[in-house]
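K.L.:
First the structure, then my questions, so here it is.
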Amino acid sequence: MRWDHPADHPATAATPASGAEIALFGADAVTTRTFDTPEFRGITFHEVRARSVLNRVPGASRMPFEWTVNPYRGCTHACVYCFARKTHSYLDLDTGIGFDSQIVVKVNAPELLRKQLSSRSWQGAHVAMGTNVDCYQRAEGRYRLMPGILEALRDHANPYSILTKGTLILRDLELIRQAAEVTEVGVSVSVGFTDRELWRTVEPGTPSPERRLDVVRTLGEHGIGCGVLMAPVIPFLGDRPEQLRDTVRAIAEAGATSVTPLVLHLRPGAREWFFTWLHRHHPGLVGRYERLYAAGAYAPTWYQRRITRQVHELAAEFGIGPGGRGRTSPRRIPVPDHHAHVPEAEQLTLM
């Protein structure tokens, strides 16, 4: 495992004050732990003291935000399609099982964020969370990093957004509500489909789609507008018209303020792991996927547009969006789309 100078992208691990390239943490700051409890069996945690937690997104990125906070690296959600898998290779860690079971935890993230937000050079830019791996994955139940992170953002009235598949966000509902009183807060939950068989095989470590939609419903009942990122729509497995209809209907019934469909994309790292899964579970689809993704990480534009049109038509039918049944918080802002089409050579900041 390579711990020395694990910067993820040139000039992305800089502090707001200096702008200099620095190592994110050193080998002398790593403690490795395992826990003999059912929910963490087989998982190794590498606790690090990070040197930076506010990360600038590379300038060439098309992301609608400049800064991210990611308290974890690797994810026990174990989604077979996760685009962040490649980033584990920067530490010479396996991008398959290793990504699911070797979790880096920045244990000093809350205190470090508070310090960086207090810097004279920090201008209060929007901070996006959940843009790489889920900040409310299972490990958060033990390490409890997010309350301190949210408190720091609230105390500085700093705008932020959260994207998650985790139900643990409801633990911090009051902190989110408090922040929404003083700044702009956006929350979105990822639900790409409601097919339970598909969920069990491609997202084995996540809460069920129904539980995630309960999060949307609960947030709305407490005045926090919540959108749904309908991602990924998985070709040939989750894109039949009746599947799209069932999913959008469930999203509408949960009171989502918006629904944004995103078709599966397969960047290096994720592509290899997904095709391994595909060969095992759906060998008859391998050829179709090879043709659909022959040009690279993204499905053809015609396919993406077809899915987007279908979902938008269903959203209008079920009353999601302006004038519909979705609840809207006056301070809510759109959650950044971290799955947007970006050049394949570009790597979003991780640490």
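The values are calculated or read from the model by the stated rules, or taken from the named source; none is laboratory data. Keep in mind it's a predicted model, so treat the numbers as computed, not measured. Here the Cβ is made from the backbone with ideal geometry for all residues, glycine too, and neighbour counts use every protein chain on show. Just the protein is used for accessible areas: all its heavy atoms, side chains included, with ligands, DNA and RNA removed. Shrake-Rupley method; radii C 1.70, N 1.55, O 1.52, S 1.80 Å.
Residue-by-condition table, conditions (1) over 19 Å from Ala254 (Cβ atoms); (2) out of contact with any helix residue (DSSP H, G or I) (no Cβ under 8 Å at 6 or more places or on another chain); (3) open to solvent by 10 Å² or more (accessible area, probe 1.4 Å):
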| position | (1), (2), (3) |
| --- | --- |
| Tyr143 | yes, yes, yes |
| Met146 | yes, no, no |
| Leu173 | no, no, yes |
| Glu181 | yes, yes, yes |
| Arg211 | no, no, yes |
| Leu219 | no, no, no |
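K.L.:
Restricting the search to segment 256-281, which residues are open to solvent by less than 30 Å² (accessible area, probe 1.4 Å) and assigned to a helix (DSSP H, G or I)?
P.N.:
Matches in segment 256-281: Ala270, Phe274, Phe275, Trp277, Leu278.
K.L.:
Something else about it: Take the residues of segment 282-307 that are of a type in the set (A, V, I, L, M, F, W, C), touching a residue at least 24 places away in the same chain (Cβ under 8 Å) and in a helix (DSSP H, G or I): which is farthest from Met230 (Cα to Cα)?
P.N.:
Leu285
K.L.:
With the condition kept exactly as written, say whether any residue in segment 308-320 is crowded, with 17+ Cβ neighbours inside 10 Å, on the phi < 0 side of the Ramachandran plot, assigned to a helix (DSSP H, G or I) and of a type in the set (Gly, Ala, Ser).
P.N.:
Pass one, segment 308-320, residues crowded, with 17+ Cβ neighbours inside 10 Å: 310-311, 314-315, 318, 320.
Pick out the ones that are also on the phi < 0 side of the Ramachandran plot and you get 310-311, 314-315, 318, 320.
If we keep only those that are assigned to a helix (DSSP H, G or I) too, we end up with 310-311, 314-315, 318.
After this cut, where a residue has to be of a type in the set (Gly, Ala, Ser) as well, the list is 315.
Scanning segment 308-320 turns up at least one residue that is crowded, with 17+ Cβ neighbours inside 10 Å, on the phi < 0 side of the Ramachandran plot, assigned to a helix (DSSP H, G or I) and of a type in the set (Gly, Ala, Ser).
K.L.:
If only one of Asp94, Asp134 is free of Cβ contacts under 8 Å to residues at least 12 places away in the same chain, in a loop (DSSP other than H, G, I, E, B) and not aliphatic (A, V, I, L, M), which one is it?
P.N.:
After applying the criteria, what remains is Asp94.
K.L.:
Considering only residues of segment 74-87 that are over 15 Å from Ala139 (Cβ atoms) and assigned to a helix (DSSP H, G or I), which is modelled with the lowest pLDDT?
P.N.:
Step by step, filter segment 74-87, then rank; the result is Thr87.
K.L.:
Further question on the same structure: Collect the residues in segment 99-131 that are open to solvent by 10 Å² or more (accessible area, probe 1.4 Å), in a helix (DSSP H, G or I) and under 17 Å from Pro204 (Cα atoms), keeping them in residue-number order.
P.N.:
Answer for segment 99-131, where residues must be open to solvent by 10 Å² or more (accessible area, probe 1.4 Å), in a helix (DSSP H, G or I) and under 17 Å from Pro204 (Cα atoms): Asp100, Ser101.
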